[in-house]
1. Got a sec? Which of Ser192, Ser256 is of a type in the set (Gly, Ala, Ser) and either more than 29 Å from Phe326 (Cα to Cα) or over 21 Å from the mean Cα position of the chain (by Cα) (or both)?
2. Tell me the residue from Val201, Val237 that is in the same structural domain as Thr286 (by TED's automatic domain parsing), modelled with pLDDT under 95 and of a type outside the set (D, E, K, R), please.
3. Any residue that is in contact with a His (Cβ under 9 Å, 6 or more places away or on another chain), in a strand (DSSP E or B), at negative phi and not assigned by TED's automatic domain parsing to the domain that holds Asn325 - is there at least one of those in the range 246-263?
4. Report every pair of residues separated by at least 6 positions or lying on different chains whose Cβ atoms are under 8 Å apart, first residue within the range 296-307 and part of a loop (DSSP other than H, G, I, E, B), second aromatic (Phe, Trp, Tyr).
5. Do the conditions hold for Gly302, that is, is it touching a helix residue (DSSP H, G or I) at 6+ places or on another chain (Cβ under 7 Å) and over 19 Å from Leu213 (Cβ atoms)?
6. Out of (1) outside any loop (DSSP other than H, G, I, E, B); (2) at pLDDT below 95; (3) not aliphatic (A, V, I, L, M), what's the single condition that is false for Tyr280?
7. Working carefully through the options Glu219, Glu272, Glu300, Glu267, find the one that is among the acidic types (Asp, Glu), closer than 22 Å to Tyr321 by Cβ and out of contact with any Phe, Trp or Tyr (no Cβ under 6 Å at 6 or more places or on another chain).
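The values are calculated or read from the model by the stated rules, or taken from the named source; none is laboratory data. Keep in mind that this is a model prediction, so the values were computed, not measured. Here the Cβ positions follow ideal geometry from the backbone for every residue, glycine too, while neighbour counts run over all protein chains shown.
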Amino acid sequence: MKKLSCLILFLSLASSSLAVDPSNQPIYESFLKCFSNQTCTAPDKLCGVVLPQSSASFTPTLRAYIRNARYNTSTSPKPLIVIAARSEAHVQATVLCTKSLNFQLKTRSGGHDYDGVSYISNRPYFVLDMSYLRNITVDMADGGGSAWVGAGATLGEFVAPKTSPDLFMRLLLQPKTKNTTQTVRASPDSASFLKRKSDYVETEISKEGLGFLFTKLMETGKLGLVFNPYGGIMCQVPTTKTPFPHRKRLFKVQHSMNWKDAGIEAENSFMEKTRSFYSYMAPFVTKNPRHTYLNYRDLEIGTNSHGPNSYREAEVYGRKYFGENFDRLVKVKTAVDPENFFRDEQSVPTLPTKPSMR
């Protein structure tokens, strides 16, 4: 059946003008040829890996990890090709072939991407989907123990300050009206159309401050706050040991706004409510900069146009995500990717080039 489905795909590409945009077909054929050569795999064996827009697997694969319905509409930008990598060789071939064709590459793993950074672009692009790379390998004989986790694996890894180091907790607070009485409840998080923002708290919020926030929370309506207490083993690791710098904070707060109505009017209304509450939260969270959690991508805190001011633009969001570790990340990026091939709206930049002396 797999060979038959591949044969049908190739016949449809060759015979149907409705299968793909004719201008995209040479791009797909060039990429497939390159990918086949790099992986030493016949093209007819790759129909489940290299997915053009005409493939029956293209849309299900693309949509599988789209967590935000705002970026899953008929007008949302779509990649020319999705590469559903099953091995490291597929990842390597994708990078080499994308570079050779001079396209942008978006990389996506198995986690959430609230603002679509891993699968949306305003220029022609491919998506490398690594959600199938889910293996977790633990080697206790490797210098005290090590673990290799595939990019597609998903798991929780943080613990709370005054509980067992083995326990992971998350709390979602939302306003709820019952019998005309407004209260705040804890509940699981679900979403269709959504916006997320995040904050870090480093000093305790007073009772009066919490009262103020609860009042504003109920005025806002659908907004929820997700609290992740920090501490435990996580805070024993130095803040400069890894790129993640927020280990000493009391807790992280996720601003969670969900709505079901499609359309720009609903989006504008709920986005404005989200921004308003974000401003109410400002006195109670970190400042200069106002730190943010990288995995809750928020393009409203700054984006990079990758022009002559790329470094300065990246500093705005980079220091919010990485703190003092931003400078070291820029040096690493400059050393390993000096051409800035791996880039997106909030990627780590390369160091600015100095003008030559004459």
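1. On the way: Ser256 fails: either more than 29 Å from Phe326 (Cα to Cα) or over 21 Å from the mean Cα position of the chain (by Cα) (or both).
On inspection, the qualifying residue turns out to be Ser192.
2. Only one candidate passes the filter, namely Val237.
3. Step one: of the range 246-263, the residues in contact with a His (Cβ under 9 Å, 6 or more places away or on another chain) are 246, 249, 252.
From what is left, the residues that are in a strand (DSSP E or B) are 252.
Now restrict to residues that are at negative phi: 252.
Okay, now just the ones that are also not assigned by TED's automatic domain parsing to the domain that holds Asn325, so 252.
For the range 246-263, residues in contact with a His (Cβ under 9 Å, 6 or more places away or on another chain), in a strand (DSSP E or B), at negative phi and not assigned by TED's automatic domain parsing to the domain that holds Asn325: present.
4. Close Cβ pairs (under 8 Å, with a partner that is aromatic (Phe, Trp, Tyr)) amount to Tyr296/Tyr114; Arg297/Tyr114; Asp298/Tyr114; Gly302/Tyr317; Thr303/Tyr317; Asn304/Tyr317.
5. Criteria met by Gly302.
6. Here Tyr280 clears every test but (2).
7. On inspection, the qualifying residue turns out to be Glu300.
Okay, residues lined up against (1) out of contact with any strand residue (DSSP E or B) (no Cβ under 9 Å at 6 or more places or on another chain); (2) at pLDDT below 95; (3) buried (at least 20 other Cβ atoms within 10 Å of the Cβ):
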{"residue": "Met271", "(1), (2), (3)": "no, no, no"}
{"residue": "Arg275", "(1), (2), (3)": "no, no, no"}
{"residue": "Phe284", "(1), (2), (3)": "no, no, no"}
{"residue": "Leu299", "(1), (2), (3)": "yes, no, no"}
{"residue": "Pro308", "(1), (2), (3)": "yes, yes, no"}
{"residue": "Val316", "(1), (2), (3)": "yes, no, no"}
{"residue": "Leu329", "(1), (2), (3)": "yes, no, no"}
{"residue": "Thr334", "(1), (2), (3)": "yes, no, no"}
